[in-house]
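Q: Structure provided below as structure tokens; questions to follow.
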Amino acid sequence: MAPRDDKRPDIAPLVRQILAGIGEDPAREGLVKTPERVDKALRFLTRGYEQDPEQVLNAALFTVTYDEMVVVKDIDFYSLCEHHLLPFTGKAHVAYLPDGKVVGLSKIPRLIDIYARRLQVQERLTVEVAEAIQRVVHPRGVAVITEAVHFCMMMRGVEKQNSVAVTSCMLGAFREQAQTREEFLSLVHNRPSGLR
């Protein structure tokens, strides 16, 4: 997805219209600065459109002789659902099997943030992260699991407070080899003693 044009329209006037549309007075003391705050917040929450995931991964790609599974789990993420512009938040777990190259560990959470900081659905977020790693790092396989709670289910609609959505994307060896997939699932669900 190409970065957005820097000459985007100002969001604040539109927020004033929304406030009036829901029956509020945009000139009320508590709301006078709200349109500008919302403008700034939305630009922050969607800054992923302005970041290039491939550039982030390529900046920390290293030749290493290591062919065992690399797992980064319990990565917090925050996103906005594209259907209601309400938050969904959760954890991502990512694994890959290197094939001569590894990526700096901090780049995996950054990659998740790039895709999460766009209007999203959880299913697409999961696939985009896996496919970006596959495309840039060229591992023997990639696995991504995301677990999230969705405010569009909690605050409106069915109003279910304890529902967790889980999505996964398995590529290469993780899709083709049950033993590899099971090892990943076991590592994700077990925590080493002393950590959290």
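Q: Would you mind stating whether Val158 is β-branched (Val, Ile, Thr), open to solvent by 50 Å² or more (accessible area, probe 1.4 Å) and modelled with pLDDT of 95 or more? So that I can check it myself, show each step before the final result.
A: Working: β-branched (Val, Ile, Thr): yes; open to solvent by 50 Å² or more (accessible area, probe 1.4 Å): yes; modelled with pLDDT of 95 or more: no.
Judged against the criteria, Val158 is not a match.
Q: Please verify whether the range 168-186 includes one or more residues that are crowded, with 16+ Cβ neighbours inside 10 Å, under 21 Å from the mean Cα position of the chain (by Cα) and more than 29 Å from Phe62 (Cα to Cα).
A: no
Q: For the range 1-120, which fully contained strands (runs of 3 or more DSSP E) count at least 3 residues that are in contact with a Leu (Cβ under 7 Å, 6 or more places away or on another chain) and open to solvent by less than 60 Å² (accessible area, probe 1.4 Å)?
A: Values: elements: 61-63, 70-81, 87-97, 101-103.
The qualifying strands (runs of 3 or more DSSP E) are 70-81.
Q: Just wondering, is there one or more residues in the range 139-151 that are free of Cβ contacts under 8 Å to residues at least 24 places away in the same chain and either in contact with a Ser or Thr (Cβ under 6 Å, 6 or more places away or on another chain) or of a type in the set (A, V, I, L, M) (or both)?
A: First, the residues of the range 139-151 that are free of Cβ contacts under 8 Å to residues at least 24 places away in the same chain: none.
Checked against the condition, which is being free of Cβ contacts under 8 Å to residues at least 24 places away in the same chain and either in contact with a Ser or Thr (Cβ under 6 Å, 6 or more places away or on another chain) or of a type in the set (A, V, I, L, M) (or both), the range 139-151 yields no hits at all.
The values are calculated or read from the model by the stated rules, or taken from the named source; none is laboratory data. This one's a predicted model, so the numbers in the text were calculated from it and none came from an experiment. Don't worry about glycine lacking a Cβ; one is built from the backbone with ideal geometry, like all the others, and counts go over all protein chains shown. SASA here: full protein model, heavy atoms, side chains in, ligands and nucleic acids out. Shrake-Rupley method; radii C 1.70, N 1.55, O 1.52, S 1.80 Å.
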